[in-house]
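Asker: Sharing a structure below in structure tokens format, with a few things to ask.
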Protein chains: 2
Amino acid sequence: MDTTVQSTEDRIHEAARKVFHQKGFNGARMQEIADLAGINKALLHYYFRNKESLFEKVFNETFSQIVSNMTKIFLSEMALMSKIEIFVNFYINFISQHSYVVPFIINALYEKPEQLREIITRQNVSPELLLEQIRKQLKEEMGLDIDPLHIYVNILGLTIFPVVAKPLIQSIFAISDERMVVFFEQRKTIVPTFISNALKGYEKNKSLAKI
Amino acid sequence: MDTTVQSTEDRIHEAARKVFHQKGFNGARMQEIADLAGINKALLHYYFRNKESLFEKVFNETFSQIVSNMTKIFLSEMALMSKIEIFVNFYINFISQHSYVVPFIINALYEKPEQLREIITRQNVSPELLLEQIRKQLKEEMGLDIDPLHIYVNILGLTIFPVVAKPLIQSIFAISDERMVVFFEQRKTIVPTFISNALKGYEKNKSLAKI
DNA sequence: ACTATTTTTGACCGTTTGGTTAAACTATAT
DNA sequence: ATATAGTTTAACCAAACGGTCAAAAATAGT
């Protein structure tokens, strides 16, 4: 398949990403990462000082990837509802393909909250622009004075939660793999419709819109 | 404070719950559980065969607690929108107070999917009643032919996701602890309103309601 | 008071873990 | 060819881990 020659450092990095994503910091073994990269374990410590620093590198990369994609769409020049449609579509695909990523981040944040809070703030995502943009569009395109943070969190919750809770939903409701694929395809249209309906509801009754 | 004399087994059980909830299976140490219970490590293995069985006990208890509360509200005799209001209120409080519980379950399901899928199906929650009840109420109270699973997942996502992603939201948007409390208080009214608006939107335009 | 049973302990064991070290190998430049 | 710097390895280490064991302490039955 892939015949491109990777540098040792890249092979380690890729292997570490896979193992950390699947097993978390505590579940991951340095030996397993070395095996997956096809190298000696000592070579891991030659390129990366220790497990912590290797994990930090993976976490940083993963986190910034997720967040940058998240903001990119909402900072573009489109109508708000179009952004939401694209966002939902993109994220259901993305997280389905990288199903370990979000649990990995949630897990990491609960395993070592203090250390990661630092790392996150060091990345300074500066989401003020994002929220301001949403606030502006809610106002100008729909005449709504709603807290953009709540709307944004709603969008994230409707999109991300089902993907994260997939194993749970599948077990509880006894859904086959095939039906699960259909389920997520349906959500690509259902979620934007749901949000659109909700926002239109505020328009009809603007006295309730002040929150 | 609490002067009730607990049995050793209960003390172990409580200690195990706390440690497993905070650190997950891989992060938890038997020694730490023993210390927290104020007993010798060997006594752990006297009451519980090994780490796995102790974890299973904690997982079962936690999982059934979450799910039973989840279904109880929706199977009661009330109007759908009242159920949703009560559900959102209850769960924002519950998960805020037990903030480790949901990540614990998500984490567990990604750490050991096969074993837990068994355990979950063994508990057989039988959610058909729940979905059927929601479907019926959507139809009778609002005249909607919508897939109840999607609506239910939407309710869960809007309610649970923000609590799970709390450390993330707080770090990214630089929100103080006090503002975070306000944020969740706001959601207790915002989420039911959001859902109510969305459902009313389907009523207006029933051609879109078939999903 | 004595015995039998249950509960609790300290010391210990084999394995696994992240990490180190010194030596070997490779490539490059002179 | 030889010195030099960078790369890779096998062997090893101390600490931490889950788990065991035999003996001590506590409890209950007679």
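Asker: Any chance you could give the angle, 0 to 90 degrees and rounded to 10, that helix A:101-111 forms with the longest Cα principal axis of chain A?
Answerer: It is inclined by approximately 80 degrees.
Asker: For a Förster distance of 35 Å, can you work out the FRET efficiency between the beta-carbons of A:Gln31 and A:Arg117, rounded to the nearest 0.05?
Answerer: FRET efficiency, A:Gln31 to A:Arg117: 0.70.
Asker: Compute the distance in nm between two label points, each set 7 Å from the Cα along the Cα-to-Cβ direction, one at A:Lys72 and one at B:Thr71.
Answerer: 4.3 nm
Asker: May I ask for the angle, rounded to the nearest 10°, between helix B:177-204 and the longest principal axis of chain B, with both axes built from Cα atoms and the value confined to 0 to 90°?
Answerer: Around 40 degrees separate the two axes.
Asker: Hey, could you get me the Stokes-Einstein D for the protein assembly as shown, Kirkwood radius over alpha-carbon pairs, 37 °C and 0.692 mPa s, rounded to whole µm² s⁻¹? Walk me through the numbers before you get to the answer.
Answerer: Numbers: Rh = 23.2 Å.
D = 141 µm²/s.
Asker: Counting only other chains, and only Cβ atoms inside 10 Å, what mean value do you get across the residues of B:15-28? Let's see the in-between values first.
Answerer: Numbers: counts 0, 0, 0, 0, 0, 0, 1, 2, 3, 7, 2, 8, 8, 1.
What the average comes to for B:15-28 is 2.
Asker: Using the reciprocal of the averaged 1/r over all distinct C-alpha pairs, how large is the Kirkwood radius of region B:1-48 in Å? Walk me through the intermediate numbers first.
Answerer: Details: mean 1/r = 0.0919 Å⁻¹.
Across region B:1-48, the inverse of the average 1/r is 10.9 Å.
Asker: If you don't mind, there's one more thing I want to ask. Starting from 0 in steps of 10 Å, tell me what percent of the Cα-Cα pairs of region B:63-208 lands in each bin.
Answerer: 10, 36, 33, 19, 2
Asker: Further, regarding this structure: Highest mean first, what order results for A:53-65, A:155-167, A:16-28 on Cβ atoms within 10 Å? Write out the running numbers ahead of the final one.
Answerer: On the way: A:53-65: 17.8, A:155-167: 23.0, A:16-28: 20.5.
Descending mean neighbour count gives A:155-167, A:16-28, A:53-65.
Asker: Right, another one. Per-residue mean of other chain beta-carbon atoms within 10 angstrom of the beta-carbon, peptide B:99-110? Please list the in-between numbers first.
Answerer: Numbers: counts 1, 1, 0, 5, 7, 2, 3, 10, 10, 2, 8, 14.
Per residue, the number of nearby Cβ atoms from other chains is 5 on average.
Asker: Taking a point 7 Å out from Cα toward Cβ as the label site, list the nm distances between A:Lys72 and the same residue in every other copy, smallest first.
Answerer: Result for A:Lys72, in nm, nearest copy first: 4.6.
Asker: Any idea which of B:Gly143, B:Gln22, B:Leu54 is furthest toward the positive side of the dipole for the protein assembly as shown, if Lys and Arg beta-carbons carry +1 and Asp and Glu beta-carbons -1?
Answerer: With unit charges placed on the Cβ atoms, the residue in question is B:Gly143.
Asker: Compute the long axis of helix B:80-97 from its Cα atoms, compare it with the longest principal axis of the Cα atoms of chain B, and write down the angle in degrees, 0 to 90, nearest 10.
Answerer: Between helix and principal axis, roughly 30 degrees.
Asker: What is the distance in Å between the Cα centres of region B:93-122 and region A:40-92?
Answerer: Region B:93-122 and region A:40-92 have Cα centres spaced 24 Å from each other.
Asker: What's the average, rounded to a whole number, of partner chain beta-carbon atoms within 10 Å of each residue's beta-carbon in B:144-156? Don't jump to the answer; show the numbers that get you there.
Answerer: Working: counts 0, 0, 2, 3, 0, 7, 8, 2, 2, 10, 11, 2, 7.
The per-residue average across the peptide is 4.
Here, each number is a calculation from the coordinates, and none is a lab measurement. Values in this document were obtained by computation on a predicted structure and should not be read as measured data. In this analysis, Cβ positions are derived from the backbone assuming ideal geometry, glycine residues included, and neighbour counts consider all displayed protein chains.
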